[in-house]
Amino acid sequence: MIAFIKRYEGLWLFTRSPAAIIAAIVAFFSIFGAIFAPLIASVNPYDLASFSLMDGLLPPVWEDYGNPKFLLGTDDQGRDMVSSILYGARLSLIIGISAMTIATVLGVGLGLAAGYYGGRFDMIVMRIADIQLALPAILTALLIDGIARGILPTEVQQDLRVAVLTLAIALSLWVNFARTARASTFVQMQKEYVQAAIIMGQRPIRVMFVHILPNILGPLLVIMTVDLASAILLEATLSFLGIGLPADSPSLGTLIRIGMQFMLSGEWWILWIPTVFLVALVISINILGDFLRDVFNPRLR
Amino acid sequence: MLKVENLSVRFPSRFGDITAIEDVAMSIAPGEIHGLVGESGAGKSTVGAAIIGLLQAPGYVATGSMSLGETDLRNLSLVEAHHLRGKRISMIFQDPQTSLNPLMRVEDQLIETIQAHEDISASDARKRAVDILEEIGIKNASDRIKAYPHQFSGGMRQRVVIALALCTNPELIIADEPTTALDVAVQSQVLDLIRELANSRKIGFMLITHDIGVIAQIADRVSVMRRGKVLESGTTRQVLGDPQHPYTSALLDAVPPLDRKIDRFRMPDEEKQSNGKDAGDAAEAWLLQGRDADKIGLQISGLCVEFPGVRTSLWRKPNSFTALNDINFEVRPGSILGLVGESGSGKSTLAKAITGLVKPSSGQMILGGQELPNGRQRGRGHPSRQMIQMIFQDPYSSLNSRHRVGRILSEPLWLYGLVDDANERRELSAAMLNLVGLEPDAIDKYPHQFSGGQRQRIAVARSLLARPRFLICDEPTSALDVSIQAEILNLLKDLQAKFGLTILFISHNLAVVRQMSDDVVVLRNGKIEEYGKGQTIFENPTADYTKELLSLTPVLPKNWN
């Protein structure tokens, strides 16, 4: 086992970094819990029949009047907090991961092409990126949300909330990928193996995706993890502001918004438990991203 | 003055401790230049770092003693060590571009250093700085001192670095490859300066270099290192004139001579490589079977390349910069043309123009009777894409590090549709590896698992698999050690003779070009200074520039008396 770990530099570094280990454990349990939420959670918070108003506002078990059925207490509707968080994290992660994937594909594609062709194409892509960066991410999301509300018929609006939210977040994140991919491509373009490929007369698409892309994957992977955290946060912010997901299909942000009403009224757990969970999830993803950066950057070793 | 005895340095790693240098002993007297020569990975720089106390963590000195005068260098507190660095031991680094802070005036850097070690007023420190700059040959020093590092040329900048090392009156200066990044003309000035300083100020120098020519030119004593050990040590005349250790003689044999052309470099372990050549026969047969046509040559006439210059005003068009000006020469079919010049002379630009990476502003290139379209007008499918192949300088960047060797090698076969069957491509790639002197099992490894010389062999194999007729070698050996250089040059010569390739051989190293070329072009600032038969140019140069280059290149003296 030890010999196996020593074979791979990344694994070896991992065993020497307590922060990365803790972060990995937190992230693993959150993601595991989110994926298997329907199996783990005692009730389904989306199913109105599964919870009862009578159980409302119960504190966590370790407080007075806690009920062992509800480990972390319940909200005002009587929903189990553990189940709400698991289902909320499920939605948050689905939106975060798909937004990040869309942003990666869009950003890396444009960035690679901009770096490869340079010149006018590069200028156009980068100016669009600049404009995108000048608009705050929330504004972009609000804009897309507004447009979607305007043009989509009301019946489908509810069903497409998740898709619209994902697209809005993806559009505010692709710039990071485009810029990094472009800058790394510039560096690789100077390398002689790329020149060799061009001299041989290989197709641009092949040079970009077969030769350059694998060599710029390191920084891109790091951005993917960091942007996954941003996407989750952005979703939480939008939901918190009330333009994300509605209260009947709560994501983590929606849970925090609901909890806000109880911040000073004694029922602290309704606000704080989802908040702490969100912070822990985002921090662990960020720490893992940091760790990946160290692994991929030989100079930081 | 400096005395080092059985010094060992170890680096802990996840595979246990690695011994970087072992049992190194040397002493340097005041005013003596002690050369430390060896190939990359020999541990030369580690010796220097251990002495100055800047070993990279987690490396540590395991055994041995080091003393400078009366001071024991091993038992210094952090504060004392810090005080000693700069004050009594200074260092000169390889690259003057990066060893000066680009955002600070030279003046401030010098004054800062002086004041860090002495309680002295800024104006006195400044006066001292000006004196030192004048001493090392910077004219008009009181004005020039106000300049920023980028306003000095490469050689001048290295002088400033030397001034920085001198300004605290050290007893010992460790010079780590001080001239490697410089052109020959500048190199010889810097070497002269070092010699002069050793004589006049009685400073001891430890000169770390891989270039035996440099050692022969200025070092008093020399230690030859290999794999962390000193193999041979003594006066320069003794060690280089009458080497005792076989490695030293092998190293000397690998240095290309400037005054004559030899057929092949002598290789001590060549027999080892020639076994199992039968596997390479398949590749050889395949290459020869492609030789249906005659050898082809390249004529270049009136070639000019211009680059847009730096924009100085928003409204005016920037002046263009002429990289190549009216270049005319011919690479005769089946011959090797050597192209020499200093950095910035336009050598690589010429290679890029021929391969179509750079668009010439005027001129004509004719390859085997057919004109080559310029720049992007040359389509991807143009036949010259296959006929012309290139071998690059840096084998660490010319191979895609994320692809296995097999994939790198079979790419040209697949791309040009030379072999359709994937298994056949693989077999041929393996055979080609054998032909260039590598084991066929290398095919499943990644490039980083090979040394620089082996990577360059892979690069050669890749270019051959395109069945080229014209090969451009752009400084193919400058990133390699001399012994590896000799191997690669031998390989190129063999292949050229066997397959009748036409080669354009680009190098800044006159001795290497002499060994390789039939004809020679000397390039300077984008213009041809001299063009003719290799022998004529090296023995009876007509252009002043060529004469100068030849006289400044450090060479091994024929006899040491």
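Under unit Cβ charges (Lys, Arg +1; Asp, Glu -1), what dipole magnitude, rounded to 20 debye, does segment A:24-300 have relative to its Cα centre?
Numbers: 15 positive and 19 negative charges, 281 e Å.
With Lys and Arg at +1 and Asp and Glu at -1, about 1360 debye.
Remark: A:Tyr116, A:Tyr193, B:Tyr446, B:Tyr247 ranked as B:Tyr446, B:Tyr247, A:Tyr116, A:Tyr193, counting other beta-carbon atoms within 10 Å and listing the fewest first. Dipole check for the protein assembly as shown: with +1 at the C-beta of Lys and Arg, -1 at the C-beta of Asp and Glu, and the Cα centre as origin, the magnitude is about 1480 Debye. Remark: mean inter-chain Cβ contacts per residue of A:198-207 equal 6, using a 10 Å Cβ-Cβ cutoff to other protein chain atoms. When +1 charges are put on Lys and Arg Cβ atoms and -1 charges on Asp and Glu Cβ atoms, the dipole computed for chain B relative to its Cα centre reaches about 1340 debye.
Taking the longest Cα principal axis of chain B as reference, the axis of helix B:278-289 is set at about 60 degrees.
As a proxy for reagent exposure, B:Asp544, B:Asp176, A:Asp145, B:Asp444 were ordered by neighbouring Cβ count within 10 angstrom, fewest first; the result is B:Asp544, B:Asp444, A:Asp145, B:Asp176. Over all Cα atoms in the protein assembly as shown, the spread is summed up by Rg and Dmax: 33.5, 108 Å. In this rough spin-label picture, where each label sits 7 Å from Cα along the Cβ direction, the B:Lys317-B:Arg380 distance is 3.2 nm. Think of chain A as a dipole: +1 on every Lys or Arg Cβ, -1 on every Asp or Glu Cβ, centred on the Cα centre; then among A:Ile138, A:Gly109, A:Ile256, A:Gly109 lies furthest on the positive end.
Find how many whole Å separate the alpha carbon centroid of segment B:163-186 from the alpha carbon centroid of segment A:196-214. Rounded to whole Å, the Cα centres lie 42 Å apart.
Calculated on the Cα set of segment B:491-560, radius of gyration then Dmax: 13.4, 41 Å.
Here r is the Cβ-Cβ distance between B:Phe11 and B:His83 and R0 is 25 Å; the resulting FRET efficiency, rounded to 0.05, is 0.40. Think of chain A as having a plus end and a minus end, set by charges on the Cβ of Lys, Arg, Asp and Glu; of A:Met200, A:Leu86, A:Ala280, A:Met200 sits farthest toward the positive end of this dipole. The modelled label-to-label distance between B:Asp119 and A:Phe32, using points 7 Å beyond Cα along the C-beta direction, is 6.6 nm. With both residues required to sit in the protein assembly as shown, DSSP beta bridges show an antiparallel share near 55%. With everything on Cα atoms, drop me the angle between helix A:154-190 and the longest principal axis of chain A, reported from 0 to 90° to the nearest 10. Computed tilt is about 30 degrees.
Based on the reciprocal of the average 1/r between different C-alpha atoms, the Kirkwood radius for segment A:1-154 equals 20.4 Å. Within the listed set A:Leu238, A:Leu139, A:Leu278, the Gaussian network model of chain A (springs between alpha-carbon atoms below 10 Å) gives the highest mean-square fluctuation for A:Leu139. Dipole of segment B:86-177 computed with +1 at Lys/Arg Cβ and -1 at Asp/Glu Cβ about the Cα centre; of B:Ala141, B:Ala116, B:Cys167, farthest Cα towards the positive end is B:Ala141.
Of all aspartates and glutamates in the structure, those lying under 20 Å Cα to Cα from A:Lys191, and not within fewer than 8 positions of it along the same chain, are A:Asp122, B:Asp394, B:Glu411, B:Asp474, B:Glu475. Taking the 0 to 90 degree range and rounding to the nearest ten, how far is the long axis of helix B:422-435 tilted relative to the main principal axis of chain B, both from C-alpha atoms? Taking Cα atoms only, the helix is inclined about 50 degrees.
Rounded to the nearest 0.05, what FRET efficiency is calculated for A:Asp159 and B:Ala282 with R0 set to 56 Å and r the Cβ-Cβ distance? All intermediate terms of the calculation are to be shown ahead of the outcome.
Numbers: r = 64 Å, r/R0 = 1.14.
Efficiency computed from Cβ-Cβ geometry: 0.30.
Exposure proxy for B:Val61, A:Val156: other Cβ atoms within 10 Å of each Cβ, ordered fewest to most, give A:Val156, B:Val61.
Other protein chain C-beta atoms within 10 Å of residue C-beta, averaged over B:395-403: 6.
The slack between B:Lys445 and B:Lys533, meaning 0.36 nm per residue of separation minus the straight C-alpha distance, is 27.4 nm. Working note: Karplus 6.51/-1.76/1.60 with θ = phi - 60° gives segment B:119-126 the couplings 8, 8, 6, 4, 6, 5, 4, 5 Hz, where Gly and Pro are set to x.
For chain A, what does -39500 (n - 2.57) per DSSP helix run (n ≥ 4), summed and divided by total residues, give at 222 nm, in deg cm²/dmol to the nearest 500? Provide the component values of the computation, followed by the final result.
Working: 12 runs with 215 residues, N = 301.
Mean residue ellipticity at 222 nm (helix-derived): -24000 deg cm²/dmol.
When all alpha carbon pairs of segment B:48-137 are counted in 5 Å bins from zero, the resulting P(r) reads 2, 11, 18, 20, 18, 15, 10, 5, 1 %.
Stick to Cα atoms and the Kirkwood definition of Rh, then tell me Rg/Rh for segment B:308-424. Don't jump to the answer; show the numbers that get you there.
Values: Rg = 18.1 Å, Rh = 17.5 Å.
For segment B:308-424, the value is 1.03.
Here the 3J(HN,Hα) profile of segment A:99-113, calculated from phi with Karplus coefficients 6.51, -1.76 and 1.60 at θ = phi - 60°, is 4, 5, 4, 4, 4, 5, 4, 5, x, 5, x, 5, x, 4, 5 Hz, Gly and Pro shown as x.
Take the eigenvalues of the Cα gyration tensor for chain B, scale each by 5, and report the square roots as semi-axes in whole Å, largest first.
Numbers: eigenvalues 386, 184, 98 Å².
For chain B, the ellipsoid semi-axes come out as 44, 30, 22 Å.
Look at where the Cα atoms of segment A:36-54 and of segment B:77-116 average out, and the two centres are 69 Å apart.
Both the radius of gyration and Dmax for segment A:24-300 are 22.1, 76 Å, in that order, over alpha-carbon atoms.
Coordinate-derived values only; no laboratory data. Bear in mind that the values here come from a model prediction, so they are computed numbers and not experimental data. Cβ atoms come from the backbone with ideal geometry, glycine included; neighbour counts cover every protein chain shown.
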